[in-house]
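Asks: Below is a structure I'd like to ask you about.
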Amino acid sequence: MSTLFSFDADSSLEKQIRSEAREELKHFLKKEPDPDAAFRGIFNRRPKTIRWSNYLRLKILHRQFSKGTVPGLPVIVRSARFLYGRYRNLKRMIPDNS
Amino acid sequence: MRHVHSTQGMVIHQYHFSVSPGDAITNQMFFIYRSLRQAGIESRIYADHIRGGLSKWVNRFNEAELWNCDLLLLHHSHGNPQLQKLLGIEVPKALIYHNITPEHFFRHDPHMWNLCRIGRSQLKLIRQAVSTTFVDSRFNGRELKDLGFTDPIHFPLFDIGVMMAEVSNSQPRREKGKIKLLFVGKIAPHKNQIALLRTLSYLPPEYELTLVGSADPIYLDYVKLTARALGVHSRVQILGKVPEKDLKRAYQESWAFLSTSLHEGFGVPLIEAMVHQLPVFAINSGAVAETLDDAGVLFNTEKPWELAAVLKTFLAHPEAIKAAIARQNQRLEALRAGESQERVQTICRDLVHHLRVVPECDWKKEAANIARQLET
């Protein structure tokens with residue numbers, strides 16, 4: 001705890017802040033003993049505050065920003081682009097009778 | 001040999017690839033521009049990408065117009081497609097280095113990833129072409145020294161005296177019953193706004209967070225969705241890029257400035273927060289410790305629950321906040337001499353005089369000498 005923060009002030013004030021912050025931290029950790037696991041938890045089980053479609057987007061984005069890659073995503077994007085290209089080609093080939 | 005001791009006929013131009021309102025580099029360019037014009041030195045700003053209606057004051061890059069200047073100040077913060085052309089202009093050049101964000105923060109954005117990577121590799125070319133190197137922090141200076149640059153010297157980013165005078169009459173407009181935390185900076189992975197949201201999630205409901213700054217759209221989406229998943233979305237206000245008066249208001253309404261940024265080349269918002277008499281709480285990364293220099297509260301941890309515990313304790317102690325602000329004001333006073341208009345004028349004038357006096361000799365070496373003298 002003593003290295004948690006640097007604060008250039010008179011020593012008694014600094015000491016008081018450090019001891020109270022330590023108590024506060026104990027209080028947080030009592031409520032949530034493993035905060036990192038709790039954060040990871042929101043990516044394993046959908047919180048009620050978020051809709052399914054947004055939740056899936058969040059999972060992809062979290063993976064992207066925490067690990068740097070999303071396995072399978074480039075393949076999905078390439079496949080989607082390919083299929084869309086084929087669809088446009090086919091559409092162009094079919095005469096427009098309207 | 002020609003001795004010129006006045007600024008008459010002196011021309012110093014600046015170039016950066018892009019300019020946009022509110023951006024720290026653009027602000028510095030305008031600050032230098034004003035300082036030079038006030039000293040009677042002719043000066044113009046050139047850029048390739050001119051955004052936000054700045055074309056009234058900024059000229060589109062034109063090689064031919066830059067050939068007649070005494071000194072070209074080359075701002076560098078990412079890859080510059082015009083670099084070869086710029087380096088081909090045979091006028092004395094000085095680099096103002098603003099730091100390049102490490103590309104690993106932009107794995108989601110191939111364009112930015114490339115710009116950062118190219119920007120770093122271009123530094124080698126720039127090193128061979130410039131007479132003097134300027135940096136806004138020692139942190140940036142160390143980075144350049146590692147790349148073989150000799151003696152980068154400090155160049156002011158703004159005039160702290162002017163900034164302090166502008167906000168001297170402003171009063172805090174804090175809402176009762178709410179404790180607003182503020183962060184100003186681009187909403188982007190290296191600024192780590194996710195840690196701010198996580199910190200907020202440990203704090204009681206009266207704590208709110210305001211985010212100011214332009215946004216990387218993909219990261220912004222991530223921030224918004226994470227806020228929702230953490231259940232703090234109703235306590236987070238994302239203002240985006242705002243005009244000067246709204247930024248001032250955001251500072252006035254806040255109780256503290258909280259930064260969890262993982263990369264700072266200097267940290268202009270830290271100074272702005274200090275000027276607005278806000279206590280600054282920041283993670284020790286990049287140039288943050290150097291900018292604060294024992295002022296404010298520097299976190300030696302990145303764990304959001306630890307940040308929340310420290311922040312909550314501090315904000316419950318008005319005497320601690322008072323002590324932090326008093327120390328911050330001392331820091332601002334210490335910065336005053338180095339971050340001023342006069343300093344810009346002295347550096348530029350001395351450098352150009354020297355380059356004019358010794359045109360035949362090794363002006364690169366001579367410029368380095370004058371830079372050393374200025375430093376002392």
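Asks: Show me the strands (runs of 3 or more DSSP E) entirely contained within segment B:1-85 in which 1 or more residues are assigned by TED's automatic domain parsing to the domain that holds B:ILE153 and among the charged types (D, E, K, R).
Replies: B:42-50, B:58-60
Asks: For the condition open to solvent by 50 Å² or more (accessible area, probe 1.4 Å), modelled with pLDDT of 90 or more and outside any helix (DSSP H, G or I), what is the one hit in A:ARG22, A:ARG46, A:ARG57?
Replies: Only one candidate qualifies: A:ARG46.
Asks: Can you spot a residue in segment B:356-376 that is within 25 Å of B:PHE139 (Cβ to Cβ), within 14 Å of another protein chain (Cβ to nearest Cβ) and at pLDDT below 95?
Replies: no
Asks: Just checking, how many residues over segment A:26-42 are part of a loop (DSSP other than H, G, I, E, B) and either facing chain B (nearest Cβ under 8 Å) or in contact (Cβ under 8 Å) with a residue 60 or more places away in the chain (or both)?
Replies: Residues flagged as part of a loop (DSSP other than H, G, I, E, B) and either facing chain B (nearest Cβ under 8 Å) or in contact (Cβ under 8 Å) with a residue 60 or more places away in the chain (or both) within segment A:26-42 amount to 2.
Asks: Name the single residue that is nearest to the chain's Cα centre (by Cα) among those in segment A:1-19 being small (Gly, Ala, Ser) and assigned to a helix (DSSP H, G or I).
Replies: Looking at residues that are small (Gly, Ala, Ser) and assigned to a helix (DSSP H, G or I), I get A:SER19.
Asks: Quick check on segment A:63-80. Is at least one of its residues more than 9 Å from every other protein chain (Cβ to nearest Cβ), part of a helix (DSSP H, G or I), among the aliphatic types (A, V, I, L, M) and open to solvent by less than 50 Å² (accessible area, probe 1.4 Å)?
Replies: No, segment A:63-80 has no match at all.
Asks: Let me ask another. Return the residues of segment B:311-346 that are open to solvent by less than 10 Å² (accessible area, probe 1.4 Å), within 11 Å of chain A (Cβ to nearest Cβ) and in contact with an Asp or Glu (Cβ under 8 Å, 6 or more places away or on another chain); say none if nothing qualifies.
Replies: Residue satisfying the conditions is B:THR313 alone.
Asks: Right, another one. Of all residues in segment B:216-253, which are among the hydrophobic types (A, V, I, L, M, F, W, C), in contact with a Ser or Thr (Cβ under 8 Å, 6 or more places away or on another chain) and not in a strand (DSSP E or B)?
Replies: Selection gives B:ALA229, B:LEU230, B:VAL232, B:ALA250.
Asks: Among (1) buried (at least 21 other Cβ atoms within 10 Å of the Cβ); (2) in a loop (DSSP other than H, G, I, E, B); (3) in contact (Cβ under 8 Å) with a residue 40 or more places away in the chain, which single condition is B:ILE100 missing?
Replies: B:ILE100 satisfies every listed condition except (3).
Asks: Let me ask something else about it. Pairs only if they're at least six apart or on different chains, beta carbon under 6 angstrom, first in segment B:156-170 and more than 22 Å from B:ASP136 (Cα to Cα), second in a helix (DSSP H, G or I) and among the aliphatic types (A, V, I, L, M); list them, first residue then second.
Replies: B:VAL167/B:VAL275
Asks: Ok, one more. Restricting attention to segment B:176-191, and to residues there that are in a loop (DSSP other than H, G, I, E, B) and open to solvent by 30 Å² or more (accessible area, probe 1.4 Å), which single residue is nearest to the other protein chains (Cβ to nearest Cβ)?
Replies: Ranking the candidates gives B:LYS186 first.
Asks: Across segment B:103-138, which residue is nearest to the chain's Cα centre (by Cα) among those that are small (Gly, Ala, Ser) and under 26 Å from B:ARG343 (Cα atoms)?
Replies: For segment B:103-138, the residue satisfying everything is B:SER137.
Asks: Then there is this: Among the residues that make up segment B:81-97, is at least one of them modelled with pLDDT of 90 or more, open to solvent by 70 Å² or more (accessible area, probe 1.4 Å) and closer than 29 Å to B:LEU292 by Cα?
Replies: Within segment B:81-97 (the criterion being modelled with pLDDT of 90 or more, open to solvent by 70 Å² or more (accessible area, probe 1.4 Å) and closer than 29 Å to B:LEU292 by Cα), the answer is no, since none of the residues qualifies.
Asks: Ok, one more. Considering only residues that are farther than 30 Å from B:ARG198 by Cβ, assigned to a loop (DSSP other than H, G, I, E, B), touching an Asp or Glu at 6+ places or on another chain (Cβ under 8 Å) and not aromatic (Phe, Trp, Tyr), which ones fall in segment B:151-175?
Replies: B:ASP151, B:PRO156, B:LEU157, B:ASP159
Asks: Turning to a different aspect of this structure: (1) facing another protein chain (nearest Cβ under 7 Å); (2) surrounded by 12 or more Cβ atoms within 10 Å (Cβ to Cβ): which one isn't true of A:THR3, the others all being true?
Replies: In the conditions (1) facing another protein chain (nearest Cβ under 7 Å); (2) surrounded by 12 or more Cβ atoms within 10 Å (Cβ to Cβ), A:THR3 misses (2) alone.
The values are calculated or read from the model by the stated rules, or taken from the named source; none is laboratory data. What you see is a predicted model, and the numbers here were worked out from it, not measured in a lab. Because the Cβ atoms are built from the backbone with ideal geometry, glycine has one as well, and the counts that use them run over all protein chains shown. Heads up: the accessible areas ignore ligands, DNA and RNA and are worked out on the full protein's heavy atoms, side chains in. Shrake-Rupley method; radii C 1.70, N 1.55, O 1.52, S 1.80 Å.
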